[in-house]
1. Computing the accessible area with a 1.4 Å probe over protein heavy atoms, can you report the carbon and sulfur percentage for segment 4-275?
2. For segment 96-227, what is the charge dipole size about the Cα centre, in debye to the nearest 20, if Lys and Arg each add +1 at the Cβ and Asp and Glu each add -1 at the Cβ?
3. Say R0 is 60 Å: what FRET efficiency, to the nearest 0.05, do K50 and E376 get from their beta-carbon distance?
4. Classify segment 340-406 as rounded, prolate or oblate from the Cα gyration tensor: take a ≥ b ≥ c as the square roots of its eigenvalues, call it rounded if a/c is under 1.5, otherwise prolate when a/b beats b/c and oblate if not.
5. Return the subset of K192/K303; K2/K411; K204/K254; K70/K303; K204/K337 for which the Cα-Cα distance in this structure is over 32 Å, preserving the input order.
6. Take the eigenvalues of the Cα gyration tensor for the chain, scale each by 5, and report the square roots as semi-axes in whole Å, largest first.
7. Of all DSSP beta bridges in the chain, what percent run antiparallel (nearest 5)?
8. Taking the Cα centre of the chain as the origin, how large is its charge dipole in debye, to the nearest 20, when only Lys and Arg (+1) and Asp and Glu (-1) carry charge on their Cβ atoms?
Amino acid sequence: MKHYEYFNTLLPHLTAEHEGPVASVITPSAAFGYASAQEAEAIFAGEEPKPVYARMGNPTGTKLEQALAKMEGGAGAVATSSGMGAVAMVLTAFLQSGDRVVCAGGLFGGSYAMMSDTMPRFGIVTEFFDVDDFDTIEASLSSGAKMLFVESVGNPNLRLPDIRRLAILCERYEALFVVDNTLTPLIVQPLKMGADIVVYSTTKIVSGHSAALGGAAVFRGVKEEGEKLAGERFVQLHPFLKKGRAAMVMMAKKRAMRDFGMSANAFGSFLTMLGLETLALRTQRVNSTVQKTAQLLYDEGVKVRHPSLQNHEHNFRYEALFEDGCGPLLTIDFDTKTEAFSFLNALKIPVQTANIGDNRTLALHMASTIYRDFDEESLRLMGITPGLVRFSIGLEAPVALAEDIVAAWKKRR
Ligand SMILES: *Cc1c(COP(=O)(O)O)cnc(C)c1O
């Protein structure tokens, strides 16, 4: 628990000022006046660290970016309009037509659609493997794939990747390793495990309130020696390398955000920072409730799936790599859609919605909602069965939640 005590001490101060207004100042301006023609030139050259124009970054967002970079141990971050904005920014900044991306594990519906449908329309080839298909992943990376994209915990298939092992493969074959850490902020620190870029939907756990759509990408520092981005395959990025340690921030802004405009807004960044202050406290509480609820449901004979349970295929990895928990999700697999619907409608506490990581417990039937547009093969790959219900556990009392879920389970038809 020392880990969370560190963040409980750090996070509330990360976004506060000790002089003047304590809470973050919201700067809604879209444009910023320059003191002189010379200053305008210096700002555009990146020599003067002042805002250019809100599409390229806003002072409130900058504060959020600094906090997230510090939290992850990154060289810098870029706040975006949404989690999908962050994914789109990373893909479009670092890839081009003809490049190949390997996706491993379960993928959030929006990311799966992006990878399986949208990116191929722009000439980017995408492949999908299970997180444990190390040989196939290695074969793909060794034959030239440029990026490996994984989620720290498969949403909603709850398969757990071995991030360190995958990072070693990416280093060996000079591929960029991107981890979507939306489900496990603080729990997993991908940059410290060898990832190059972390993406977040801050809409979810980081904010926690269902009040602010937002996202971010956090980047590792560029190395002075042995930097894979300095290799031949990343030649388009070379002009940015002279920007120093935080060069990837500039790559993301100039090669994606400037042209696509997936920029964060000041009010959203402010709300996200309010959530960030209590992230460690909420994470501890939710981790503990998820484990307790999973066990209580299992003991009642409910078909619950969670890596903390011994019958989960990645329980060994959970014990070894995720000792304090793996985020708010657990799933229940019903035999039919009808049974899942009758169960959901009998629940009293959870809100039925497509969000996750809220302070309230949320529940949703997967196949009829987020995954409704996908074919059989994709559903199999993503682990979506006809009766699958996903829960995102909130701050409520574990016993009250378990009682509600068991009562609905008994009422199902
Ligand atoms: C929700 C989610 C996203 C997309 O985030 P938005 O903020 O909704 O755009 C990306 N990745 C994961 C794992 C998510 O859960």
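The values are calculated or read from the model by the stated rules, or taken from the named source; none is laboratory data. Being a predicted model, the structure only gives us computed values, none of them experimental. Neighbour counts are summed over all protein chains in view; Cβ atoms, including those assigned to glycine, are modelled from backbone coordinates with ideal geometry. The area values use the complete protein model at the heavy-atom level, side chains included, leaving out ligands, DNA and RNA. Shrake-Rupley method; radii C 1.70, N 1.55, O 1.52, S 1.80 Å.
1. Taking all protein chains in place, segment 4-275 shows 55 percent carbon and sulfur surface.
2. Details: 11 positive and 17 negative charges, 82 e Å.
The calculation lands at about 400 debye.
3. 0.65
4. Here segment 340-406 falls in the prolate category.
5. From K192/K303; K2/K411; K204/K254; K70/K303; K204/K337, over 32 Å: K192/K303; K2/K411; K70/K303.
6. The three semi-axes for the chain are 36, 26, 19 Å.
7. Antiparallel: roughly 55 percent of the beta bridges in the chain.
8. 580 debye
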